[in-house]
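Just below is one structure, and these are the notes that go with it.
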């Protein structure tokens, strides 16, 4: 419940209010992504406690951080996609995210099987989150539309902008 409340209050209402109030949309999105991902690092705390209640608190705070980052991160796809390619780029991004979602419990199971506990699984999750923070902070440049190829080049190897094949009779 905390994650849903945080997502609605921060990722929805507050970000929109700041941007519509004239603040730099790129800066607001990067700040929200970075801070929410830093909050999500709290999952690592679950690796160092013996208390179930404390572990659940760390995991709940981490889930809230990830819940806030998700809509802001997903909005970037629509903002950077070349004209006419938002759905294709979104599909690619969601495909990769789903692959990670499939691999996460497999990797977690392998870690737990080899170590006998979840501590290293939480630490590994923290490393993944840390990579995300570095990516959003240092690798992601300006959040602006990627220019598409000139119209005469459409269909010549640009998988994002190719039009679907048509059946000719």
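Just so it is clear, none of the values below were taken in a lab; they were calculated from the coordinates. Since the model is a prediction, treat every value here as computed from it, not as a measurement. Cβ atoms come from the backbone with ideal geometry, glycine included; neighbour counts cover every protein chain shown.
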How do the peptides 41-54, 119-132 rank, highest first, by the average count of neighbouring beta carbon atoms within 10 Å per residue? 119-132, 41-54
With a ≥ b ≥ c from the Cα gyration tensor eigenvalues, square-rooted, and the rule rounded for a/c under 1.5, otherwise prolate when a/b > b/c and oblate otherwise, region 1-113 is oblate
Relative contact order, percent, region 2-145 [alpha-carbon distance under 8 Å, six or more residues apart]: 33
Stretched out fully, how many nm does the piece from residue 137 to residue 86 gain, at 0.36 nm a residue minus the Cα gap? 16.1 nm
